[in-house]
Amino acid sequence: MSEDAVVIERTFDAPIEMVWQAWTDGEHFAKWYGPQGFTIPVANMDAQVGGSRHICMASPDGSMKMWFTGEYRTVDATSLLVYTEAMSDEDGNVLSPADMGMPDDHPMITEVTVQLTADGDGKTRMVMTHAGIPADSPGASGWAMAFDKLTAHLAAA
Amino acid sequence: MNHNDTTTDDDERLDQIFAALANRTRRAILDRLAAGPATVKELAEPFAMSLPAVSKHIRVLEGAGLIEQGRDAQYRPCSLQVGPLREIDRWTERYRPIWEDRFSRLDDYLGRLTADDGAPDGHQPKRRTQRSDDE
């Protein structure tokens, strides 16, 4: 069993302020975030604790649009950024479980954590963690712990 | 996002697995089964709920493929199935190439910014390594 989150480390040849800006300023974020060929026509990012984010991705021919919403949990410039992300509609309403064909009352929300450290020589080291958490479940972190415990059991079995 | 690359079948399976796991009682049942097979009656013991209520949870877990209930023995013991948990692993792994791809573009973008030093057009040759204090 492996982890229930994606963790990626990367060092960029750019100063930490610039990398922070690339994550927190919609204008910069839109330049790199979308899949190849896609555009980001909307990137409203109120990067402060409790602030919301609303992102739109459009397919290369503009025929398909996907909306994402979320909230900033931690904004500690320029070292730590934590925000949630969920698929939403154009108005920022999180897609309900019914919309996603789920019988349960727990929409799927993910959490992105970005840690930055200045690495000397104008380089910046980044550790990005993307974890899945079913929102509003009795203690989302408890869910993750239960899952860890379960996988540990399975690994030992 | 490459959400549209995945098949609907896969997505439906994952929805079912996550929905099954998004319940405290069902996770506790899985936790108990990780220690070995058990009957419905044994599984119901730690909970203040009726056998039919526990059976309902078991059916949800069975529907998601997380457990299997034996057919031969009179007590029909339940046992844990690891397959679906591996599917969740794959679900998280699907995001890795998406992020790797993004960060390659972020790398390029940062490269252009540092090379341009604020110039509006990003098609000049990179000169990140020889960037000097020429302001």
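Where a number appears in this text, it was derived from the coordinates with a stated rule and is not lab data. Worth saying up front: this structure is predicted, and the values here are computed from it rather than measured. Don't worry about glycine lacking a Cβ; one is built from the backbone with ideal geometry, like all the others, and counts go over all protein chains shown.
Legend: calculated FRET efficiency, A:Gln48 to A:Asp121, from the Cβ-Cβ distance at R0 = 25 Å, rounded to 0.05, equals 0.25. Modelled label positions at A:Asp25 and B:Asp9, each set 7 Å beyond Cα in the direction of Cβ, lie 4.8 nm from each other.
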